[in-house]
Amino acid sequence: MLDAPSINELDHTKVLPGDLAVTSNGVHIMAYLGEQEWIEADPGVGRVIVARVPVAENYWFETRMRVMRWSVLAR
């Protein structure tokens, strides 16, 4: 797990494609695609977007996030 002041300020050398960024209050989630691109269902524009950081004038890219990595669960 990695805490970041925002996606715009995140050290992208520490994340991998598939990592998830979750807001500190758990209301919004974004997925990392690689090469500083994130995918999110943006409520402001009402659709799914792919954005390359830094992203200006988008609240979700400027808020505190916790980045988490999926792991395969034992069967």
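The values are calculated or read from the model by the stated rules, or taken from the named source; none is laboratory data. Since the structure is predicted, the reported quantities are computational estimates derived from the model, not experimental observations. Backbone-built Cβ (ideal geometry, glycine too); neighbour counts: all protein chains shown.
State which residue is nearest to ILE7 (Cα to Cα) when the search covers only the range 20-50 and only residues that are assigned to a strand (DSSP E or B), hydrophobic (A, V, I, L, M, F, W, C) and over 10 Å from the mean Cα position of the chain (by Cα).
Ranking the qualifying residues of the range 20-50, first place goes to VAL50.
Search the range 1-25 for residues that are at pLDDT 95 or above and pair each with any residue that is exposed (fewer than 10 other Cβ atoms within 10 Å of the Cβ) and assigned to a strand (DSSP E or B) when their beta-carbon atoms are under 8 Å apart and the residues are at least 6 apart or on different chains.
No pair meets every condition.
Sort out which residues of the range 26-44 are surrounded by fewer than 10 Cβ atoms within 10 Å (Cβ to Cβ) and either at pLDDT below 95 or of a type outside the set (D, E, K, R) (or both), and write them in order of number.
So in the range 26-44, the residues surrounded by fewer than 10 Cβ atoms within 10 Å (Cβ to Cβ) come out as 26, 35.
The one that is surrounded by fewer than 10 Cβ atoms within 10 Å (Cβ to Cβ) and either at pLDDT below 95 or of a type outside the set (D, E, K, R) (or both): GLY26.
Can you tell me which of (1) touching a residue at least 60 places away in the same chain (Cβ under 8 Å); (2) in contact with a Lys or Arg (Cβ under 6 Å, 6 or more places away or on another chain) is the one ARG66 doesn't meet?
Unmet for ARG66, out of (1) touching a residue at least 60 places away in the same chain (Cβ under 8 Å); (2) in contact with a Lys or Arg (Cβ under 6 Å, 6 or more places away or on another chain): (2).
From the residues in the range 45-75 that are closer than 15 Å to VAL15 by Cβ and of a type in the set (D, E, K, R), which one is surrounded by the fewest Cβ atoms within 10 Å (Cβ to Cβ)?
Among residues in the range 45-75 that are closer than 15 Å to VAL15 by Cβ and of a type in the set (D, E, K, R), the one surrounded by the fewest Cβ atoms within 10 Å (Cβ to Cβ) is ARG52.
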